[in-house]
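Worksheet: one structure, shown below.
The values are calculated or read from the model by the stated rules, or taken from the named source; none is laboratory data. Computed from a prediction, not measured in an experiment: that's the story for all the values here. Cβ: placed from backbone, ideal geometry, glycine included. Neighbour counts: every protein chain shown. Each accessible area value is taken on the protein alone, full model and side chains, heavy atoms only, with ligands, DNA and RNA left out. Shrake-Rupley method; radii C 1.70, N 1.55, O 1.52, S 1.80 Å.
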Amino acid sequence: MTDALVLIDPSTSTVEPADLRAPQLPVDDLSAHRGDGIFETVLVRVDESSDEVVVVSRERHFARFRSSAAALDLPDPDPELWDRALDAVIAEVRAARPGSTEFGIRYTYSRGLDAPRGWAFSVPVGDSVLRARQEGVTAVSLDRGYDAYLGSKAPWLLIGAKTISYAINQAAGRYAAERGADDSLFVSHDGVVLEGPTSNLIIRRGDRLLTPDPAAGLLWGTTQRLIFDHAEALGLDAEYADLRLGDVVDADGAWFVSSMRTAVALTCLDGNPINHDDELTQQLQNVITRG
Ligand code: PLP
């Protein structure tokens, strides 16, 4: 996988290629030592027959990027500038690897030091992602430490903004691994299912897809919304709902959904097996990769 990086200067509206393996960021940048910034990760797909490039949910991602910026009081990001940055990374990856059919781009907007700064770089779709798409994943449930629907009462917690402060999310992944699980599922302190540390949860109950209400205290995912927009075409209703752990275990199918993983089956939660729906897993993956 090619390592493509561009640096984005919002004050001059410029996008410059740079070396991902060389130092680029002053250590006193507020993203580096305060986690003060926001990011998005998009999946880029190249159609093998038509060579058409699709940035999956490009507008959904940018809309969320803007609302995350607003939540952190960062200046509104200019769509033209960030689009140019994405296109530059895509061009660099494709020039170096003409056969690439799938990769990610992570774009970040930091408070900077004297002024905000940004960057965007390519990320590979790793083996663990490919395996999870095929085989699904297991998870343990973890208390997120706050009650559901806290966000509107405590906006400073930035619940629902995609900030770069992911130490808790990373720790949840390690905690799950120590317990022999692939992933974890956050639950509010009062027992409402929220999300995975880097994904949303969707379950199927009969002919309905259900997902936790973003207002309960989670990141409103672009992938979940893409799936919900296509639910009718799959012959399914789609609704937001307060779910308990028992609802997940008793579901007719459950998936972690996110941009890079697309839709991966949740096969077992806290040691309890969950029904598989392999056909729907494939359909959801197809919906997502078509963008
Ligand atoms: N929730 C969290 C905490 C995430 O980090 C992510 C993805 O990074 C998601 C949900 C899924 O969001 P999306 O589908 O936009 O990738």
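FRET efficiency for the pair D252 and A115, taken as 1/(1 + (r/R0)^6) with r the Cβ-Cβ distance and R0 = 45 Å, rounds to 0.30. Database remark: amide H of V140 closer than 5 angstrom to the amide H of D183, S184, L185, D270 (H placed geometrically; neighbours at sequence offset of 5 or more, or on other chains; Pro and chain starts carry no H).
Within the accessible area of the stretch 128-290, the carbon and sulfur atoms contribute 47%, probe 1.4 Å, all protein chains present.
Taking the C-alpha atoms only, the angle from helix 58-71 to the longest principal axis of the chain is near 80 degrees. Our coupling estimate for the stretch 237-244, obtained by passing each phi through the Karplus curve with A = 6.51, B = -1.76, C = 1.60 and θ = phi - 60°, is 8, 9, 9, 8, 7, 7, 10, 10 Hz, Gly and Pro reported as x. Phi-derived couplings, Karplus 6.51 cos²θ - 1.76 cosθ + 1.60 at θ = phi - 60°, listed residue by residue for the stretch 144-154: 6, x, 9, 6, 4, 6, 6, x, 5, 8, 9 Hz, with x used for Gly and Pro. Taking amide hydrogens as placed 1.01 Å from N in the peptide plane, the amide H of G112 sits under 5 Å from those of L30, S31, R117, each at least 5 positions away in sequence or on another chain.
The calculated Kirkwood hydrodynamic radius for the stretch 154-206 is 12.6 Å, given to one decimal from all distinct C-alpha pairs.
Are there GluC sites (Glu not before Pro) in the stretch 1-96 that DSSP puts in a loop and that have at most 16 other Cβ atoms within 10 Å, and which ones? Walk me through the numbers before you get to the answer.
Working: sites: E40, E48, E52, E59, E80, E92; in loops: E48, E52.
Hits after loop and neighbour filter: E48, E52.
May I ask for the angle, rounded to the nearest 10°, between helix 278-290 and the longest principal axis of the chain, with both axes built from Cα atoms and the value confined to 0 to 90°? Around 20 degrees separate the two axes. Calculated [222 nm] ellipticity per residue, helices only, for the chain: -8500 deg cm²/dmol; basis is -39500 (n - 2.57) per DSSP H run with n ≥ 4, divided by all residues, nearest 500. For the stretch 1-157, the per residue solvent-accessible surface stands at 51 Å², with DNA, RNA and ligands left out and a 1.4 Å probe.
Estimated at the nearest 10 Å², the accessible area of S152 is 100 Å² with a 1.4 Å probe. Suppose the chain between E279 and E102 were pulled fully straight at 0.36 nm per residue; how much longer would it get relative to their current alpha carbon spacing? Residue separation times 0.36 nm, minus the Cα-Cα distance, leaves 61.5 nm. Per-residue SASA remark: I38, around 0 Å² accessible (1.4 Å probe; ligands, DNA and RNA not included).
Working value for the stretch 128-290: equivalent-ellipsoid semi-axes of 22, 18, 15 Å, each the square root of 5 times a Cα gyration tensor eigenvalue, largest first. Per the Kirkwood formula on distinct C-alpha pairs, the Rh of the chain is how many angstrom? Final number for the Kirkwood radius of the chain is 19.7 Å. The 3J(HN,Hα) values that the Karplus relation (6.51, -1.76, 1.60; θ = phi - 60°) gives for the stretch 30-45 are, in residue order, 5, 5, 6, 10, 10, x, 9, x, 9, 8, 9, 10, 10, 9, 10, 10 Hz. Gly and Pro appear as x. In a DSSP loop and with at most 15 other Cβ atoms within 10 Å, the trypsin sites (Lys or Arg not before Pro) in the stretch 167-270 are R179, R244.
For the stretch 32-143, the fraction of alpha-carbon pairs lying more than 22 Å apart is 44 percent, rounded to a whole number. For a label point 7 Å from the Cα of A215 along Cα→C-beta, name the residues of the stretch 149-176 whose backbone N is under 16 Å from it. Residues passing the 16 Å test: 149-155, 159-160.
Of all beta bridges that DSSP places with both ends in the stretch 81-201, some 65 percent have antiparallel geometry. Once the whole set of protein chains is in place, how much accessible area is left on I168, using a 1.4 Å probe, in Å² to the nearest 10? About 100 Å², rounded to the nearest 10.
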